[in-house]
1. Lysines within cross-link reach of K82: Cα-Cα under 20 Å, excluding same-chain residues under 8 positions apart?
2. Percent relative contact order of region 97-148, based on C-alpha pairs within less than 8 angstrom and at least six residues apart?
3. So what is the relative contact order of the chain, in percent, for Cα pairs below 8 Å that sit 6 or more residues apart?
4. With contacts defined as alpha carbon pairs under 8 Å and 6 or more residues apart, what's the relative contact order of region 122-230 in percent?
5. Can you list the chymotrypsin sites (Phe, Trp or Tyr not before Pro) in region 159-211 that are in a DSSP coil and have 16 or fewer other beta carbons within 10 angstrom?
6. Quick one: Karplus J couplings for region 67-80, per residue in order, coefficients 6.51, -1.76, 1.60, θ = phi - 60°, nearest Hz, x for Gly and Pro?
7. Please work out the ratio of the alpha-carbon Rg of the chain to 2.2 N^0.38 Å and round it to two decimals.
8. With unit charges on the beta carbons (Lys and Arg positive, Asp and Glu negative) and the dipole taken about the Cα centre of the chain, which residue among S122, S138, S67 sits farthest to the positive side?
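Every number here is computed from the coordinates shown, using simple stated rules; none is lab data. Everything numeric here is computed off the predicted structure, so don't read it as measured data. A quick note on method: Cβ atoms are made from the backbone with ideal geometry, for glycine too, and the neighbour counts reach across all protein chains shown.
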Amino acid sequence: MARSSSHLPVNVGIIMDGNGRWAKRRLMPRSYGHDAGMKRIIKLVDYVRTTGVKYLTLYALSTENLSRPEDELNGLYSLFRKYFEEYAPKLMDDDVAISVIGDISVLPEDVAMKMREVCARSGKNAPFNLIFAVNYGSRAEIVRAANFASRLGGNVTEENFSRFLYTYGVPDPDLIIRTGGEVRLSNFLLWQAAYAELYFTDTLFPDFDEREFNKALKEFSRRNRRFGKV
Ligand code: IPE
Ligand code: IPE
Ligand code: MG
């Protein structure tokens, strides 16, 4: 990486969209696109670790995605099962911490267990931190936090409120990338993205390779982040 580290995002979030369309273009079922998406995740993680980015937050399943047909969801759960059984343990031996944000209690029990196991074995603040958002929705996260805060009583501040979010201890995303051509956040990290730089690309997620990731980093390095100052 030739870029100076001050222009490098610490936390990059990716809204991994476009798997279904990628498959459709090949006259294949949506599940084929999700398989390709998972292969892409594996390659991308290997690459992003080498760039100096410290956190990668991947939007894998939204709360709204739970209303998709059962066979598509089952296919996604099988991919999660495979990832957390086969790939996650290999990564963790290698200075990578893996965590999950979202309500995984609705997933098939064995998948949720595998995820919990991996998260429990993972330290926090490894040199590289991989975070999967699974059955994640910002609104649900904020409401959940509000409930914790109200039970505790006292004055709510931005600081203490953010402790009740799933992302407590994780720096806010500096850069959020959305693949697949849509220009929206779809309930991803709404609180945390207050000052994130947003990057949208038409590239469908299974095609989002190192070059594409570098393009996003390059664009980020050109942005002037003012945080409200002059
Ligand atoms: C994103 O790809 C992956 C998930 C939401 C699980 P999509 O499945 O939304 O793909 P498109 O948007 O239909 O192409
Ligand atoms: C956003 O993609 C969710 C994930 C990538 C996990 P969607 O395909 O669900 O988003 P919408 O429906 O186009 O907003
Ligand atoms: Mg989509």
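1. Cross-link targets: K39, K43, K90, K114.
2. On the way: 48 pairs, mean separation 28.5, N = 52.
Result for region 97-148 is 55 percent.
3. After rounding, I find 29 percent.
4. On the way: 83 pairs, mean separation 25.3, N = 109.
Reported as a whole number, the value is 23 percent.
5. Working: sites: F161, F164, Y166, Y168, F188, W191, Y195, Y199, F200, F208; in loops: F164, Y166, Y168, F188, W191, Y195, F208.
Passing both the DSSP loop test and the Cβ count: Y168, W191, Y195.
6. 8, 6, x, 4, 5, 5, 4, 4, x, 5, 4, 5, 5, 4
7. Values: Rg = 17.5 Å, N = 230, 2.2 N^0.38 = 17.4 Å.
Compactness ratio reported: 1.00.
8. Farthest towards the positive pole: S138.
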